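The values are calculated or read from the model by the stated rules, or taken from the named source; none is laboratory data. Here the structure is a predicted model, which is why all the values come from computation and not from measurement. Using ideal geometry, Cβ is built from the backbone for each residue, glycine included, and neighbour counts are taken over all protein chains shown.
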Amino acid sequence: MKAYIFPGQGAQFVGMGKDLYDQSEKARELFEKANDILGFRITDIMFNGTDEDLKQTNVTQPAIFLHSVILAKVVAGFKPDMVAGHSLGEFSALVAADALSFEDGLRLVAARANAMQKACEIQPSTMAAILGLDDFTVEDICQRTSEVVVPANYNCPGQLVISGTIAGIDKACEMLTTAGAKRALKLNVGGAFHSPLMESAKIELEHAIVHTEIKSPVCPIYQNIDAKPYTDPEKIKHNLIAQLTGAVRWTQIVQHMLQDGATSFTEVGPGNVLQGLVKKVDRAIPTESAQLQQ
């Protein structure tokens, strides 16, 4: 069974998507439609902007979504048996699996990016990658930190990202290093994504999701909030809303896909980070990047 996986924020690079735009008329039409929907030429920033321009949340999230979704529309032999996306990538996966229209997906991603940006401005906050500790130890230390600190991304065995207030993350990193973490590295991000500090963004996005049509996908989507497969539109909506303040359970998603019969993983979008995470769960499983259909 073929599993298709879609990356989240952090996978962006200048020049992303230009090959699709230049080589595929269908891709070109979708990129231009996106420029119209967003009200600015995101393609100019994606293809020729600076790293700094591309790092702005209101640009980064739609840019990664567009690269992933448009590649899925023009890729050779795209016929998924199961899909999943890391954080933002969950929206890309839903569009690729025909549960969400291209236009509605882009509007939701733009709304999500703006809501998250506003939440970041309300309270300064951050995230940190913790390497070389088991999940239980990280969870226990997060709970014992007096500030808001929670596990945010279960990326692969031995790699967990935590999220919270700046003071809380600083304190937790000290405690985790003492507990034996190989590294406790603060990330260059705008806020505490996938934590209770995103509550205002969740409330704002909930209104948009509730009023957006989501259909049954062509295959199960394994969702971030609990790593389980879903096809019911109402449950998918509920999980999408919960995702902003809940953890991304990527390790568990990959494990569940493997248990359910995944025989290969194809990453659709910029970069190959997710393939590396899959290999950390099962080194023997075949992985590849989706290629543009010539």
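For the range 263-272, a residue qualifies if it is surrounded by fewer than 16 Cβ atoms within 10 Å (Cβ to Cβ) and among the β-branched types (Val, Ile, Thr), and exactly one does: Thr263. Candidates are the residues of the range 117-145 that are under 18 Å from the mean Cα position of the chain (by Cα) and of a type in the set (S, T, N, Q); the one that is nearest to Gly168 (Cα to Cα) is Thr126.
Residues that are within 19 Å of Leu88 (Cα to Cα) and not in a loop (DSSP other than H, G, I, E, B) within the range 258-294 comprise Phe265, Thr266, Glu267, Val273, Leu274, Gln275, Gly276, Leu277, Val278, Ser289, listed in sequence order. When the range 117-157 is filtered for residues that are outside any strand (DSSP E or B), in contact with a strand residue (DSSP E or B) (Cβ under 8 Å, 6 or more places away or on another chain) and among the small types (Gly, Ala, Ser), only Gly132 remains. Would a scan of the range 91-100 turn up a residue that is surrounded by 17 or more Cβ atoms within 10 Å (Cβ to Cβ), farther than 21 Å from Glu25 by Cα, in the same structural domain as Ile209 (by TED's automatic domain parsing) and in contact with a Gly (Cβ under 6 Å, 6 or more places away or on another chain)? Within the range 91-100, one or more residues are surrounded by 17 or more Cβ atoms within 10 Å (Cβ to Cβ), farther than 21 Å from Glu25 by Cα, in the same structural domain as Ile209 (by TED's automatic domain parsing) and in contact with a Gly (Cβ under 6 Å, 6 or more places away or on another chain).
Scanning the range 200-211 for residues that are over 13 Å from Gln117 (Cβ atoms) and under 18 Å from the mean Cα position of the chain (by Cα) returns Lys202, Glu206, Ile209.
Under the condition of being over 21 Å from Lys33 (Cβ atoms) and not basic (Lys, Arg), the residues counted in the range 54-84 number 9. Residue pairs whose Cβ atoms lie under 7 Å apart, separated by 6 or more positions or on different chains, with the first residue in the range 36-63 and assigned by TED's automatic domain parsing to the domain that holds Gly8 and closer than 16 Å to Pro7 by Cβ and the second assigned to a helix (DSSP H, G or I) and among the small types (Gly, Ala, Ser), are Met46/Ala63; Leu54/Ala63; Thr57/Ala113; Gln61/Ala113; Pro62/Ala110; Pro62/Ala113.
Whether any residue in the range 73-87 is closer than 18 Å to Gly190 by Cβ, small (Gly, Ala, Ser) and within 20 Å of the chain's Cα centre (by Cα) is what I want to check. Yes, the conditions are met somewhere in the range 73-87.
Evaluated against (1) surrounded by fewer than 21 Cβ atoms within 10 Å (Cβ to Cβ); (2) within 22 Å of Leu94 (Cβ to Cβ); (3) not aromatic (Phe, Trp, Tyr), Gln23 falls short on exactly one condition, (2). The test for being of a type outside the set (Val, Ile, Thr) and touching a Leu at 6+ places or on another chain (Cβ under 8 Å) does not hold for Leu54.
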